[in-house]
1. Would you kindly identify the helices (runs of 4 or more DSSP H) lying entirely within the stretch B:34-99 that contain at least 2 residues that are more than 14 Å from the chain's Cα centre (by Cα) and within 13 Å of chain A (Cβ to nearest Cβ)?
2. Which members of the stretch A:28-40 meet the condition of being farther than 13 Å from A:Ile82 by Cβ and either without any contact (Cβ under 8 Å) to a residue 24 or more places away in the chain or within 14 Å of chain B (Cβ to nearest Cβ) (or both)?
3. Looking only at strands (runs of 3 or more DSSP E) that fall completely inside the stretch A:179-223, which ones have 1 or more residues that are at pLDDT 95 or above and more than 21 Å from A:Ala122 (Cβ to Cβ)?
4. Within the stretch A:55-109, how many residues turn out to be more than 20 Å from A:Gly135 (Cβ to Cβ), within 10 Å of another protein chain (Cβ to nearest Cβ), crowded, with 17+ Cβ neighbours inside 10 Å and free of Cβ contacts under 8 Å to residues at least 24 places away in the same chain?
5. Quick check: anything in the stretch A:18-27 within 21 Å of A:Phe91 (Cβ to Cβ) and either out of contact with any Lys or Arg (no Cβ under 7 Å at 6 or more places or on another chain) or at pLDDT below 95 (or both)?
6. Where in the stretch B:102-200 are there strands (runs of 3 or more DSSP E), lying fully within it, with 3 or more residues that are within 13 Å of chain A (Cβ to nearest Cβ)?
7. Looking only at the stretch A:160-206, which residues are acidic (Asp, Glu) and under 21 Å from B:Glu129 (Cβ atoms)?
8. Check the stretch B:102-115 and report whether any residue there is surrounded by fewer than 21 Cβ atoms within 10 Å (Cβ to Cβ) and in contact (Cβ under 8 Å) with a residue 60 or more places away in the chain.
Amino acid sequence: MSKDQQQVIGWTMPELASRVAMDLEDGWFVNLGIGLPTLVADFIPEGREIIFHSENGLLGLGPKPEPGEEDMDLVNAGKEPITLRPGGSYFSQSESFAMIRGGHLDAAVLGAFQVSEYGDLASWKLPNATLGRVGGAMDLTVGSKRVFLFMQHTSNKGEAKIVEECSFPLTAPRCVNRIYTNLAVIDVTDDGLVVRELAPGVTFEYVQECTAAPLKLHASSDMQSEALKVQQ
Amino acid sequence: MIQKKFENAAKAVADIQDGATLLVGGFGGSGLPSYLVAALVEQGAKDLTVVSNNIGAVSDGVAALISNNQVRKIICSFPVGPHADDLIERLKKGTIELEIAPQGTLAERIRAGGAGVPAFYTPTGAHTELGEGKETRLFDGQMHLLEHAIKGDYAFIKAHRADRWGNLVYRKTQRNFNPVMATAAKTTIAEVNEIVEVGEIDPETIVTSSVFVHRLVQAEAQHEGKVLVNE
C-alpha cells in the first residue's frame, strides 16, 4: 500500500463515527466539536443513553433534521441545523463553559491538525496563518475528563498528523487520551502511543509508515476490527 | 411608567459615540441582533472596540461593521468564515487589531464584567500562544492564566420575547452569548421578535431579568442572512 491510497482504505468517516460511539458509555455527557466529530451524534449504540453537548449552549444534541425541518435557532457548534432529543436543554455560553471547564463532561470528541506522542494537541491555528480559530477547543481540552480525537490519519497532502512533537501552535499540552483515525484506534499512554485496533485491511506496518512517531502494538488485542455493531 | 421600547433600531443606537466598546451577541447568525447591527452601520460610529464570538460567519453581523471601517479592535474566539476577507485585509494593512480569546474565557470575562469581578484565573490557554505575556499562578500544581473582565458601553443582544420592563425569554440555541452580554454593558439594547405586557411571561421561564435591559427594539422579521453592505 502506498500513501496515496489512504483515502480509500480503512474506515469511512461514518464508520469511524460509529466506532467512536461504541466507546461512549451509558450515561456519559460528551461534547462534539466542529466538523467530523458532529457525525458521532448519528450513532448512539442501542440500549445506551448518551447525552451530547454542543458548546454553543445545548445538551441533548440529536441527528440532522429532515429537509424542510431546519430551524436556524437550533444549531450545533459548526452552525449547522440539528435536532434536540427529549430531555435536552438550552443554556447560555457562561453556563456551557462552566460545564466544560468545571469538569462536568465525561469526554470531548475533537478534530486535530497535529497530535504528539505525548498527547499534545494542535488544532486551532496553522503555522504563519493570519487568523486562528480557537473557539472552545482550549477550554474543552483543559476541562473534559477525556479527550478523544476524530481525524484522518494523515493530512490532505499525505503528511503525518501524529508526530513526535507538534510544530503547529498548541491548543493544550498533554491532553489527548485516544486517537481515532481512518486507519486505527490509538491510545496515548505513559508508555507512548499504543495501537489498540486496526481498521479492516490495514496492517500495523502501514499505520507506522503513516505516523511520524513510534507506535506499539497492544499486547492482548486481536487488533483487526470486528464488524461494526452500532446501529444508526 | 417604565417604557424601554424605542420606535426603531435607528433611534435605539443613535447616541453611540466614536470609540465605544460594543458587545454583540449571537453564534453565527443564530441569536444575532442583525437589525441593531444594520442600524449602527447606517449611524456610522467609528473606532469601535467590538466583542463578539464569530466574525465573518454571516455578512450582516460584525463583518458589516468591519467592511464599513467602523471597527478599531475585535475581541473574539472564531474570526473565520465566508465573510472574513475584509477583516484579513485590514489586519494586513494594520488598520484593525485582533485579540483572539478562547470561547470559554471570552464568556467568563464578560460574565466577570457583569458581576463586578475585575479578573480571574483559568487553566484554559496555559502553555499556548494565547497565554503568552499573561500573569500566571500555580493552583494545585497546574498553571493558570490571569484573565481580565470585559465590560461594554453598549451590548446588542437578541431575544425572542420581552415584556415592557425588559424581562427576556430566548428561543433554542439563539440564547448563546446574549444573556451574559446583557449583564456586562452600561446600556443593553435588546432586539426582540415580540413585546408583551408585564406579567404575561411566566416568571419561572425568564432568563434575563429586566434589571439588565435598558432598551427594547422590535425586529421587523426573523434574521434572514441578508446582505447589508454593498459587495
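The values are calculated or read from the model by the stated rules, or taken from the named source; none is laboratory data. What you see is a predicted model, and the numbers here were worked out from it, not measured in a lab. Neighbour counts are summed over all protein chains in view; Cβ atoms, including those assigned to glycine, are modelled from backbone coordinates with ideal geometry.
1. Those helices (runs of 4 or more DSSP H) span B:85-93.
2. Within the stretch A:28-40, A:Asn31, A:Gly33, A:Gly35 qualify.
3. So the answer is A:192-198, A:215-217.
4. So the answer is 0.
5. yes
6. Values: elements: B:119-122, B:136-139, B:142-148, B:152-163, B:185-196.
Output list reads B:119-122, B:142-148, B:152-163.
7. A:Glu164, A:Glu165
8. yes
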